[in-house]
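Following: one structure in structure tokens, then a few remarks.
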Amino acid sequence: MRVVIAEDSVLLRDGLTRLLTDRGHDVVAGVGDAVALVRVVGEMAREGSMPDVVVADVRMPPTHTDEGVRAAVQLRRDHPELGVLVLSQYVEERYATELLAGSSRGVGYLLKDRVAEVREFVDAVVRVAAGGTALDPEVVAQLLGRSRKQYVLAGLTPREREVLGLMAEGRTNSAVAKQLVVSDGAVEKHVSNIFLKLGLAPSEGDHRRVLAVLTYLNS
């Protein structure tokens, strides 16, 4: 896996690099601001050596507000095949929604505290690089908890809402079953019901899991 890391803290950037390289992945670039991130990825694209995934901080120089997520949104627009995983100190609802509003492939939003859970963090990077999703449980909980969106989920049972939240984190049916201590068949039934109630018709590929959450966010 080829990774580009964008993080203005040299200590954290070096730490992320060590976590990934120790597990056999190739960190091909590390930058400290959003402008450099967009430039480096653009240069790699022109050279035909695109990374598989970018890991970027939401807040970066010079203003430390939204430069990182703006760069992430731009990269997803310019390079749809590129996985983008953003890290944030807190759940920032507007940024999470904006990042998720585009393509349903190769996207992640994690809180920085999640980096300490090394296996989960590396698994999330790998999943996003492969075109999957990785959403922090706290992000999912906050997005699904907004009162003005509750009508979208009104038709779901409490268990279906639980399953939807775990789906949004990027978990497989088997992982959901293990978390909820139920059978794989029970989870498959819940997932089918969620798709039906949210009006998501069968389609090629396996993107309805993400679209189930995006339908809620964008309604």
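The values are calculated or read from the model by the stated rules, or taken from the named source; none is laboratory data. Since the structure is predicted, the reported quantities are computational estimates derived from the model, not experimental observations. Neighbour counts are summed over all protein chains in view; Cβ atoms, including those assigned to glycine, are modelled from backbone coordinates with ideal geometry.
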- Item | Search result, residues across segment 76-87 that are at pLDDT 90 or above and either in contact with a strand residue (DSSP E or B) (Cβ under 6 Å, 6 or more places away or on another chain) or outside the structural domain of ALA130 (by TED's automatic domain parsing) (or both) | GLY83, VAL84, LEU85, VAL86, LEU87
- Residue match in segment 168-175 (condition: modelled with pLDDT of 85 or more, hydroxyl-bearing (Ser, Thr, Tyr) and surrounded by fewer than 20 Cβ atoms within 10 Å (Cβ to Cβ)): yes
- Message: Regarding segment 135-152, can at least one residue be identified that is outside any helix (DSSP H, G or I) and either of a type in the set (A, V, I, L, M, F, W, C) or at pLDDT 90 or above (or both)?
- Response: yes
- Inspect segment 34-48 for any residue being in a helix (DSSP H, G or I) and among the basic types (Lys, Arg) and give the result as yes or no. yes
- Does segment 10-29 hold any residues that are within 20 Å of VAL41 (Cβ to Cβ) and part of a loop (DSSP other than H, G, I, E, B), and which are they? HIS25
- Message: Quick check on VAL91: is it farther than 16 Å from THR172 by Cβ, surrounded by fewer than 20 Cβ atoms within 10 Å (Cβ to Cβ), touching a strand residue (DSSP E or B) at 6+ places or on another chain (Cβ under 8 Å) and not assigned by TED's automatic domain parsing to the domain that holds LEU153?
- Response: yes
- Query: Is there a residue in segment 5-13 that is in the same structural domain as VAL128 (by TED's automatic domain parsing), charged (D, E, K, R), more than 19 Å from LEU135 (Cβ to Cβ) and in contact (Cβ under 8 Å) with a residue 40 or more places away in the chain?
  - Reply: yes
- Item | Boolean, SER49 is surrounded by 18 or more Cβ atoms within 10 Å (Cβ to Cβ) and either polar (S, T, N, Q) or touching a Gly at 6+ places or on another chain (Cβ under 9 Å) (or both) | no
- Across segment 1-28, what is the number of residues that are small (Gly, Ala, Ser) and crowded, with 19+ Cβ neighbours inside 10 Å? 1
- Query: Among the residues of segment 82-105 satisfying the criterion of being touching a Lys or Arg at 6+ places or on another chain (Cβ under 8 Å) and assigned to a loop (DSSP other than H, G, I, E, B), which is nearest to ALA45 (Cα to Cα)?
  - Reply: LEU82
